[in-house]
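The next block holds one structure in the form of structure tokens; read it before the comments.
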Amino acid sequence: MSPDPLLHLAVALDGAGWHPAAWREPDARPAELFTGAYWSDLVAEAEEGLLDFVTIEDSFGIQSTDFNDVDDRVDQVRGRLDAVLTAARTAPATSRIGIVPTVVSTHTEPFHLSKAVATLDYAARGRAGLRIQISAKPHEYALIGRRTTEPVVLADINTDEVQARIAEHFSEAADYVEVVRRLWDSWEDDAEIRDAATGRFVDRAKLHHIDFEGDWFDVRGPSITPRPPQGQPVVTALGHATIPYQLIARAADVGFVTPHDRDGAAAIVAEIRREQEFAGRASQRLHVFGDLVVFLDETTAAAEERRARLDEAAGTPYTSDAHIFAGTASELADLLADWRHAGLTGYRLRPAALPHDLTRITRELVPELQARGLFRTAYQASTLRGHLGLSRPASRYAVAADDDPAPTAVGAGAGASAGHQGS
Amino acid sequence: MSKPVKQIHLAAHFPGVNNTTVWSDPAAGSHIQFDSFAHFAKTAERAKFDFVFLAEGLRLREQGGQIYDLDVVGRPDTFTVLAALAAVTERIGLTGTINSTFNEPYEVARQFASLDHLSAGRAAWNVVTSWDAFTGENFRRGGYLAEQDRYDRAETFLRTAWELFDSWDGYRIEADKESGVFLSDPKAGTFEHHDRHFDISGRFNVPTSPQGRPVIFQAGDSDAGREFAAAAADAIFGRHSQLEPGQAFYTDVKRRLPKYGRTPEDLLILPAATFVLGDTDAEAAELAVEVRRAQVSGQTAIKFLEQLWNRDLSAYDPDGPLPEVDPDVSGDSISKGRAADRMYRDRIAVAREYREQAQAKGLSIRELMIERTSRQSFIGSAETIATQIDELVQADAADGYILVPHVTPGGLDAFADRVVPILQERGRYRADYEGTTLREHLGLGAANKTAAPVPAGAVR
């Protein structure tokens, strides 16, 4: 894959921002977190900055500082809206930016989510994606009640037993993505014919049962929703270790990773590229974006002070899986320009406070990157795949019908068979 | 004693997967592109309708082992369309059918509460249930639900969802920047529900939405369905748009309300209705015949007959007489994924009825199917249709109608422009919205949360 001279840039939207005290900032709108206008305004602001896409966080469980249980805090944002619906609410209010809601694979039906994201792609005219996320928390399982899981204790993370459980969660997620992608392909693009002469609305030869059989679900198909405008909306996933990297390498179009320096970024990118090769996808474009939490201000001191002020309001210093950056837009541009040499193709920035850090990204960081020739000065495409330089794949079933008797996983990457995680 | 004049309720169903929709009409547009939904919803809002309604389907229909290709095939996801419509409209209610069989209460409650927030109080849920293995083949759970369990599960599903909607009662988002208190109480959203269908607990993560609970619709016509509606629904998506069956249904359902502590105003009867509008009654009548012939082509007539006969009838001439052979009552159903597949309890008896009707009137297969399948509800000039609707509502055949135009998405335009102003002039229909929420449009008042939502054991 030849290096793109331009960086790709996304923002991760979550509540009032990623810092738990962000909602107390003067320009925060905490009373509006559950309104459509709040989310439309944020996505429109990101579009002003010509960003590739926004992601919208989600979870079935209520937010908590305790990974494995629900806390009893009342001083942080609690409650959120369904991310797919929130994404859909912002789609007609914007026209270019990609919109990527989080989808929880552990507790939902791939059939429902496939048609939901396809429909988001219609409502957004080719700007939809999804971020696949597993749920591994016992209290989230209890909300659904179908099954249970044991807590993941950080100290035991490397034991065989815990690793096997994590592998199982991700294996289910891989199957989930495979089903979703097959369902998107299950209608060929030209299946709707409206042939008045023969009275046929569709050519049923262009509709395909997907006949997926796996350890967690069997899905017959076809989808009820015709193939979406992008053919395949963009699949993304966040990973911190080998098992999720394998999911990214096999099933995603964009992976989000959390390096803390340039060398760390290089090591992660190398591992994902190796996994990509194992998965037989070496020739396909797979973006690896670095995730960063950002505090942006006029001066480094101001950013550091704001971070300290927020930490004090929260009562404890903010920590994150991702590197936390506090400084000026110019300094952040330096970092982004440097780490890209590790092989990152873009970044997903997590604004510490909304809208403050988002508007610093769109109004200061973006012009800075543009001045350095590192970021687009206008949208060159109208679809999310277009922004990311991803071509529009043909339906695997159309390809199969035309060229090859055996269906192949075009554009999907995940193996055709179900339930196999290890390589 | 003269009855008070009733105000008419109107709503619109986006036409889709059904032979009612004339996709071959030159004016027909997409059933998938969002612009079609936006056009339809904006027209309905211009006409001050209570809500737009979307049906749901979870498996493409099949007949004779092949995907059914004569009607519109395919539809978008209900929740996603409704949430996007919330961005392009301001007042109109957003009603979606969501199946309780292939979903979990926590997820569906979250989605409806989210939709209600994102639309500022305009969400409604048409609760349906399905149990067939055919649809189940697309889902984790499969088709496991026994038919006799379906209303039990639906009732329990709804009650569980209500517990979730109500789990934030008395708790608030304070969002007080000064004091640093975001949430009024750490227990907000706490719930626990254990029964034979659902065994769940935790904290619901969507705060109370503008309507408290979405408006609840029920669409079934069986005795159990009517009882379910009387106990739990705010409105019924009825089937009887004609005077006498409408009155019979209306009376039957409304008389069931007192035993649940409810009054007739607590449950609206809104039958689905089609219409054919012309400049004159004569023109409309002529157009109506054309529409019926477009809805029931020769091929469609044969396919309809196959659903009853349960045999391949492709060799028969639609313009000829009914088959001599009797329906096949032994085999698996030739048709899958239709509500009608479950309707023919006694195929032989229905076929006999068909034969008698065809013989008495000398009807071909196609002519008979045109007569037997759903009729147009309102045919005439704008004046005539306005009068028909008003008379039916005043005669307690309905509280209003959910209109299903036969052309997508522009089929509602003429109704909005020509019939609605007449009803407004006559003082039988609102000139503008008086409230902002769907509950207000329907005159329902706040969700009644003190009564037990559905008495246990009320529905079997």
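The values are calculated or read from the model by the stated rules, or taken from the named source; none is laboratory data. All values derive from a computational prediction rather than experimental measurement. Every residue, glycine as well, gets a Cβ built from its backbone with ideal geometry; the counts of neighbours run over all protein chains shown. Just the protein is used for accessible areas: all its heavy atoms, side chains included, with ligands, DNA and RNA removed. Shrake-Rupley method; radii C 1.70, N 1.55, O 1.52, S 1.80 Å.
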Residues in the stretch A:291-305: is at least one of a type in the set (Ser, Thr, Tyr), open to solvent by 60 Å² or more (accessible area, probe 1.4 Å) and more than 30 Å from A:ASP66 (Cβ to Cβ)? yes
So how many residues does the stretch B:313-341 have that are more than 30 Å from the chain's Cα centre (by Cα) and closer than 22 Å to B:GLU353 by Cβ? 17
If I filter the stretch B:323-341 for residues that are under 30 Å from B:ASN99 (Cα atoms), open to solvent by 80 Å² or more (accessible area, probe 1.4 Å), among the hydrophobic types (A, V, I, L, M, F, W, C) and not in a helix (DSSP H, G or I), do I get at least one hit? yes
Would you confirm whether any residue within the stretch B:47-66 is touching a strand residue (DSSP E or B) at 6+ places or on another chain (Cβ under 9 Å), within 11 Å of chain A (Cβ to nearest Cβ) and acidic (Asp, Glu)? yes
What number of residues within the stretch A:302-336 satisfy the criterion of being within 14 Å of chain B (Cβ to nearest Cβ), part of a helix (DSSP H, G or I) and not hydrophobic (A, V, I, L, M, F, W, C)? 3
Would you mind stating whether A:ASP72 is touching a helix residue (DSSP H, G or I) at 6+ places or on another chain (Cβ under 9 Å) and charged (D, E, K, R)? no
Contact list please: Cβ distance under 7 Å, first residue in the stretch A:20-44 and under 16 Å from B:PHE182 (Cβ atoms), second residue aromatic (Phe, Trp, Tyr), pairs at least six apart or on different chains. A:PRO20/A:TYR318; A:TRP23/B:PHE182; A:ARG29/A:TYR38; A:PRO30/A:TRP23; A:PRO30/B:PHE182; A:GLU32/A:TYR38
A:ILE134 - would you say it is over 20 Å from A:THR383 (Cα atoms), more than 9 Å from every other protein chain (Cβ to nearest Cβ), open to solvent by 10 Å² or more (accessible area, probe 1.4 Å) and modelled with pLDDT of 95 or more? yes
The correct count of residues that are of a type in the set (S, T, N, Q) and buried (at least 16 other Cβ atoms within 10 Å of the Cβ) in the stretch A:371-383 is 1
Would you mind stating whether B:LYS48 is closer than 25 Å to B:ASP234 by Cα, part of a loop (DSSP other than H, G, I, E, B) and open to solvent by 20 Å² or more (accessible area, probe 1.4 Å)? yes
Of the conditions (1) surrounded by fewer than 24 Cβ atoms within 10 Å (Cβ to Cβ); (2) not in a helix (DSSP H, G or I), A:GLU172 fails just one. Which one is it? (2)
Residue selected from the stretch B:203-243 under the condition free of Cβ contacts under 8 Å to residues at least 60 places away in the same chain and over 27 Å from B:GLY435 (Cβ atoms), by the criterion nearest to the other protein chains (Cβ to nearest Cβ): B:ARG203
Go through the stretch B:168-202 and report how many residues are within 10 Å of chain A (Cβ to nearest Cβ), more than 24 Å from A:ALA21 (Cα to Cα) and not in a strand (DSSP E or B). 2
Only residues that are out of contact with any Leu (no Cβ under 9 Å at 6 or more places or on another chain), farther than 21 Å from B:GLY238 by Cα and modelled with pLDDT of 85 or more: list them for the stretch B:134-158, please. B:PHE134, B:GLU137, B:ARG140, B:THR156, B:PHE157
Filtering the stretch B:107-119 down to residues that are at the interface with chain A (Cβ under 7 Å from one of its Cβ atoms) and either open to solvent by 10 Å² or more (accessible area, probe 1.4 Å) or of a type in the set (Val, Ile, Thr) (or both) yields B:GLU107, B:GLN111, B:HIS117
Can you name the condition, by its number, that B:ALA175 falls short on among (1) of a type in the set (A, V, I, L, M); (2) more than 18 Å from the chain's Cα centre (by Cα); (3) at pLDDT below 95? (3)
Answer from B:ASP279, B:ASP221 - the residue that is at pLDDT below 95, assigned to a loop (DSSP other than H, G, I, E, B) and among the charged types (D, E, K, R): B:ASP221
One residue from A:ASP75, A:ASP156, A:ASP121 being more than 9 Å from every other protein chain (Cβ to nearest Cβ) and touching a residue at least 40 places away in the same chain (Cβ under 8 Å): A:ASP121
Quick one: in the stretch A:90-103, which of the residues that are open to solvent by 10 Å² or more (accessible area, probe 1.4 Å) and at the interface with another protein chain (Cβ under 9 Å from one of its Cβ atoms) is modelled with the highest pLDDT? A:PRO92
Considering only the stretch A:29-76, state which residues are closer than 17 Å to A:ALA353 by Cα, open to solvent by 20 Å² or more (accessible area, probe 1.4 Å) and among the small types (Gly, Ala, Ser). A:ALA31, A:ALA44
Taking first residues from the stretch A:171-196 that are closer than 21 Å to B:VAL17 by Cα and second residues anywhere that are β-branched (Val, Ile, Thr), the pairs with Cβ under 7 Å that are 6 or more apart or on different chains are A:LEU183/A:ILE210; A:SER186/A:ILE210; A:ALA191/A:VAL202; A:GLU192/A:VAL202; A:ILE193/A:VAL202
Mind checking whether some residue in the stretch B:243-253 is among the polar types (S, T, N, Q) and either part of a loop (DSSP other than H, G, I, E, B) or at pLDDT below 95 (or both)? no
Test B:ARG122 against the criterion of being more than 9 Å from chain A (Cβ to nearest Cβ), modelled with pLDDT of 95 or more and under 23 Å from A:ALA87 (Cα atoms), and give yes or no. yes
Being within 11 Å of chain A (Cβ to nearest Cβ) and either crowded, with 19+ Cβ neighbours inside 10 Å or touching a residue at least 24 places away in the same chain (Cβ under 8 Å) (or both): is that true of B:GLU104 here? yes
Do you know which residues across the stretch A:225-257 are part of a loop (DSSP other than H, G, I, E, B) and open to solvent by less than 10 Å² (accessible area, probe 1.4 Å)? A:THR225, A:PRO228, A:GLN230, A:GLY231, A:GLN232, A:PRO233, A:GLY239, A:ALA252, A:ASP253
Out of all the residues in the stretch B:387-410, which are assigned to a helix (DSSP H, G or I), out of contact with any strand residue (DSSP E or B) (no Cβ under 9 Å at 6 or more places or on another chain) and crowded, with 24+ Cβ neighbours inside 10 Å? none
So is B:ASP281 touching a Ser or Thr at 6+ places or on another chain (Cβ under 8 Å) and not basic (Lys, Arg) or not? yes
Matching residues in the stretch B:69-88 (surrounded by fewer than 24 Cβ atoms within 10 Å (Cβ to Cβ) and either basic (Lys, Arg) or more than 7 Å from chain A (Cβ to nearest Cβ) (or both)) number 1
